[in-house]
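A.B. asks: A single structure is presented below for examination.
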Amino acid sequence: MEVFNRQKNVNPGTKRSKFMRFVQGVFYYLAVTLCLVSIFHSSLLVTSQPLRADESEAVARAINLLDAKGFGQEAFLLRRLTVFRNTDSWLNSLTQKENAYAAANFPFNIITLYPDFFTKAQDDTERAMILLHEAQHLKGANEHEAYEFAWRNREKVGWTILSHGTTESYITIEELTRETVPELFTCADRMWNDCTGVPKPSTIARAK
């Protein structure tokens, strides 16, 4: 009976005190984590350069094009939540890049645009396609998923083999897409085996 009464008379303040210490500990570690993330994010910005005025205008036109073509989510992400740079941060400089137009740092929403984005990309449509690809990375997609999404939606953007098939960017990106997403190019009844493309004339004739 004495033990029972002793348990019953435990001070409620003791439980509250333990709970408050737990809550304070959680907030402390959250604050430390946020501080470290903020420092890391700032280091990426400090060690890279912002876009020039003419480069920012080209990016804005490409984003507006995406918005007009029905990619509102990507346009909002790129326009409102992304920081653009034109040189590598210390983190990006650790990675060897070939045929690179841009690079995205997830989850920090930083996109680095390389000279080819402004010079090799023929027009705003090609730059919009590149940004559509990078936007997928900012949403957490891997390289395979980003290439697949962009290639499947290229006609919606207005970037087709008829309009841009001979440009250096189209040829390069198609080659990279074939390497990264080979399953998109296994349809023998489609032009160039592209499963997202139009049927071969012989296939259409047989269907008739």
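Readers should treat all values here as calculations from the given coordinates under stated rules, not as data from a laboratory. What you see is a predicted model, and the numbers here were worked out from it, not measured in a lab. So basically every Cβ, Gly included, is an ideal-geometry build from the backbone, and we count neighbours across all protein chains shown.
A.B. asks: Can you sort Met191, Met20, Met129 by how many other beta carbons sit within 10 Å, fewest first?
C.D. replies: Lowest to highest Cβ neighbour count: Met20, Met191, Met129.
A.B. asks: Another one. Provide the FRET efficiency to the nearest 0.05 for the Val26-Val46 pair, computing r from the beta carbons and using R0 = 25 Å.
C.D. replies: 0.25
A.B. asks: May I ask you to derive the relative contact order of the chain, considering only C-alpha pairs under 8 Å and at least 6 residues apart, and to give it as an integer percent?
C.D. replies: Rounded, it is 14 percent for the chain.
A.B. asks: Could you count how many Lys pairs in the chain have their Cα atoms under 28 Å apart, skipping same-chain pairs fewer than 8 positions apart?
C.D. replies: Lysine pairs meeting the criterion: 13.
A.B. asks: How much length is gained if the chain between Lys156 and Thr186 is pulled fully straight, taking 0.36 nm per residue apart and subtracting their Cα-Cα distance, in nm to one decimal?
C.D. replies: 8.6 nm
A.B. asks: Still on this structure: What's the exposure ranking of Lys156, Lys69, going from fewest to most Cβ atoms within 10 Å?
C.D. replies: Ascending number of Cβ neighbours within 10 Å: Lys156, Lys69.
A.B. asks: Hey, can you rank 141-153, 30-42 by average C-beta count inside 10 Å, highest first?
C.D. replies: Put in order of decreasing packing, that is 141-153, 30-42.
A.B. asks: Hey, another quick one. What FRET efficiency would be calculated for the residue pair Leu94, Ala60, taking the C-beta separation as r and a Förster radius of 22 Å, to the nearest 0.05?
C.D. replies: The value I calculate is 0.15.
A.B. asks: Another question about this same structure. Need one number: nm distance between label points at Ile171 and Lys120, each 7 Å from Cα along Cα→Cβ, rounded to one decimal.
C.D. replies: With each label placed 7 Å out from Cα toward Cβ, I get 1.1 nm.
A.B. asks: Out of every Cα-Cα pair in the range 62-208, what percent are more than 25 Å apart?
C.D. replies: 29 percent
A.B. asks: Got a sec? Charge dipole of the chain, +1 on Cβ for Lys and Arg, -1 for Asp and Glu; which of Gly158, His137, Ser169 is way out at the positive end?
C.D. replies: In the chain, that residue is His137.
A.B. asks: How much length is gained on full extension from Cys195 to Ser38, taking 0.36 nm per residue of separation minus their Cα-Cα distance?
C.D. replies: Once the chain is fully extended between Cys195 and Ser38, it gains 52.2 nm.
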